[in-house]
1. Are any residues in the range 280-303 within 18 Å of LEU236 (Cα to Cα), of a type outside the set (A, V, I, L, M, F, W, C) and either within 25 Å of the chain's Cα centre (by Cα) or open to solvent by 60 Å² or more (accessible area, probe 1.4 Å) (or both), and if so, which ones?
2. Among (1) in contact with a helix residue (DSSP H, G or I) (Cβ under 6 Å, 6 or more places away or on another chain); (2) open to solvent by 20 Å² or more (accessible area, probe 1.4 Å), where does ALA178 come up short?
3. Looking at (1) more than 35 Å from the chain's Cα centre (by Cα); (2) hydrophobic (A, V, I, L, M, F, W, C); (3) surrounded by fewer than 20 Cβ atoms within 10 Å (Cβ to Cβ), which is the one condition that is false for VAL227?
4. Considering each of ALA310, ALA262, ALA215, ALA270 in turn, give the residue that is in a helix (DSSP H, G or I) and either at pLDDT 95 or above or within 22 Å of GLU168 (Cα to Cα) (or both).
5. Of the residues ALA262, ALA252, ALA215, ALA238, which single one is surrounded by fewer than 17 Cβ atoms within 10 Å (Cβ to Cβ), among the small types (Gly, Ala, Ser) and closer than 22 Å to LYS287 by Cβ?
6. Can you list the helices (runs of 4 or more DSSP H) lying wholly within the range 1-104 that have 3 or more residues being at pLDDT below 90, open to solvent by 50 Å² or more (accessible area, probe 1.4 Å) and closer than 26 Å to PHE167 by Cβ?
7. Answer yes or no as to whether LYS244 is part of a helix (DSSP H, G or I), over 14 Å from ASP202 (Cα atoms), in contact with a Leu (Cβ under 9 Å, 6 or more places away or on another chain) and modelled with pLDDT of 90 or more.
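The values are calculated or read from the model by the stated rules, or taken from the named source; none is laboratory data. Only a predicted model underlies this, so the values are computations on that prediction, with no experimental measurement involved. All Cβ positions, glycine included, derive from the backbone under ideal geometry; neighbour counts span all protein chains shown. SASA here: full protein model, heavy atoms, side chains in, ligands and nucleic acids out. Shrake-Rupley method; radii C 1.70, N 1.55, O 1.52, S 1.80 Å.
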Amino acid sequence: MAGTTPPLDVASLTAEADESFAKGVAAIKAGTMDEAIELLARALELKTTLHGEQAIECAASYFRYGCALFYKAQDENTVFGKQAQAQASAKDDADKRKPQIANETAVDDSEACDDDDDDEKDGEDKEDGEDDDEEEDDMELAWKLVENARLIYEEDESHPIELANCFETLGEMNTEHANFASALEDLEQCLAILETELEEDDRRIAGVLLSISVAQQMDDKLEKALVNCARAISILEARLKRLKSSDEAAIAAMQNSQPPGATPYPDPLAAAKAELEQIEAVLGDLKMREEELQGLVSEDNDTRAQIKAAFATIGGVGGSGAGPSSGGVVETMGFDVPKLAPGAAQPVNLGVVGKSAGGVSRVTPNVTNGTGHVTKAPQRITVAPVAAPPAPAGSSAAAAAAAFASMSSEAPAAVPAAKKAKIAPTPVAAPAGTTGEGLPKENENAPDACAPQ
């Protein structure tokens, strides 16, 4: 019948999909990511055609395809990646081809060359921008593929190890993009699954702990990074001890480490020896990393102690300068408590400012000046003078003191202090006891604690 779609050859398509998938995984192990991407893309296309986009049969293809894209972008994004090496080689070649200016007559030619170089640089910048866009597209696509695989495995609930692998890869992607909070969340979920499903000395647990330690170090959580690094070392040392104990224990350990449905090792003992060598090589690096983290933690603690001591010195957090001392005197922030000189007179308590010693508010009476306007007399405080020692008899100072005493004896008696008056709403006459200038006598407004003259 015309217009009908021919039936799919399910068997041949399934075989082609499986073959492309196997070759793609092998290409990832070999490090040929371009080939792996092409093969795994074809496998995913066939799988989705046969089973649907959200089928469990497609989850592995989603995951591996995303991993290949991620590994390629990760390799090209590193300092020693292929793209960086190619750019460095191109720069060296350009430096070699750059003409040397011998004299001033070549100025115009040099300017032309500079213009050409600017144009070439602009072209390279555009190419770099295109590469960055392509890299971002690859990274974004890789994340979507792995995330889709994770959702399929979570819904299926029958592939815990594969789900843990998805979480681990997502954690590595977030670490690559400096999203350390999300990375730690993904890696910790992966660790929880592996600790449930695997033996306690499985090196995959140590690998995830190392990834967590790296993310924590990048996130400035040095103490936690040190703890997880030490845990990874202890797990690998336990695994090493188990593999060295006996051939039977090594074979059993290798068989138990395989996920369900995996192809058995053709020679478990040889696989155990290979793992033992790998662990011994990794342990040295991990111990160096542990020493480095210990140094960083020690430096961090020393820095915190110095900051705390600095704050304590200026009376800040953790210092004793901000609170009362043992003698009950409140110290100032970072300064010594003021002290009187030996033999100096102690200060007199003047009471509460604005009040007398008994707590009664002071009132200054309103007085009139020479023009008849009401003015408020300023408050003055007179301090009793300190008596000077007597001068030697017969000296000029003694004679002056005697003359001053005779003058004082002829002065009229002091007028009694006026009573405290209330503030009058209207002008009043000056009360008795004021001077000709309209000011009260000095002892009128003196504080109660001061002795009148």
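1. Selection gives GLU280, ASP285, LYS287, ARG289, GLU290, GLU291.
2. (1)
3. Condition (1) is where VAL227 drops out.
4. ALA215
5. Exactly one residue qualifies, and that residue is ALA238.
6. Filter on the range 1-104 gives 59-77.
7. yes
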